[in-house]
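Beneath this line is the structure, given in structure tokens, with notes to follow.
The values are calculated or read from the model by the stated rules, or taken from the named source; none is laboratory data. Keep in mind the model is a prediction, meaning the values are calculated, not measured. Positions of Cβ are generated from backbone atoms using ideal geometry, with glycine treated the same way; all protein chains shown enter the neighbour counts. These accessible areas exclude ligands, DNA and RNA; they are computed on the full protein's heavy atoms, side chains included. Shrake-Rupley method; radii C 1.70, N 1.55, O 1.52, S 1.80 Å.
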Amino acid sequence: MRELKRQFTRQQLDELSLPVILRLRPLLAEAQTIYAFYSLPDEVNTHQLIDDLVAEGKTVMLPKVLDDETMAWYPYHGVQDLEEGAFHIMEPSEGNQALENVTEEPSLCYILVPGTAFDAQGNRLGRGKGYYDRFLRTMETVSGVRTIGVCFDFQKVDEVPVEAYDMPVDEVV
């Protein structure tokens, strides 16, 4: 899948992002809080979507890698909140305050999940560090949470290998 992504230019991937974002927008219409990801160059481009959601008055949370196993979530207000962090990902800067307890979020909370590949059952192949699987496990008992895998159409495959610790998403867009 990584090799397949490399066959596209950044401009082509941005163009392929548009229909994905158009399918995603109506799903987020009722959401109050959205845990999103600030996309890497080889992922569906979420930058404008995130800014639009903030402009609509929604609470947008972005992850920051703290160590080899932990991500914390921070409110996003604009690009000024970001700095390059672990793995060259734009993350909330040190000056922002992390949300202490994600389980106390309001209902209608959506989590946008990146991945290398997804199957129709919502199984996901990530980048191998397990950050999202650990986070999704902490959210699985919270009511009102919906998880959405975000990927290009060519990243949808027949079957993704699954391990015991892997967490599926509710829907793949």
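Do we find a residue being surrounded by 14 or more Cβ atoms within 10 Å (Cβ to Cβ) and assigned to a strand (DSSP E or B) anywhere in the stretch 126-141? Within the stretch 126-141 (the criterion being surrounded by 14 or more Cβ atoms within 10 Å (Cβ to Cβ) and assigned to a strand (DSSP E or B)), the answer is no, since none of the residues qualifies.
Considering only residues in the stretch 147-173 that are open to solvent by 80 Å² or more (accessible area, probe 1.4 Å) and either small (Gly, Ala, Ser) or touching a helix residue (DSSP H, G or I) at 6+ places or on another chain (Cβ under 8 Å) (or both), the one that is farthest from ARG10 (Cα to Cα) turns out to be ALA164. Looking for something at pLDDT below 95 and polar (S, T, N, Q) - is there at least one such residue anywhere in the stretch 45-53? No, the stretch 45-53 has no match at all.
Restricting attention to the stretch 142-161, report how many residues are farther than 21 Å from GLU30 by Cβ and out of contact with any Leu (no Cβ under 9 Å at 6 or more places or on another chain). Final tally of qualifying residues: 4.
Evaluating CYS109 against the criteria (1) within 17 Å of VAL145 (Cα to Cα); (2) at pLDDT below 85 leaves one unmet condition, (2).
Within the stretch 9-58, the set of residues being free of Cβ contacts under 8 Å to residues at least 12 places away in the same chain, open to solvent by less than 80 Å² (accessible area, probe 1.4 Å) and in a loop (DSSP other than H, G, I, E, B) comprises THR9, ALA29, GLY57.
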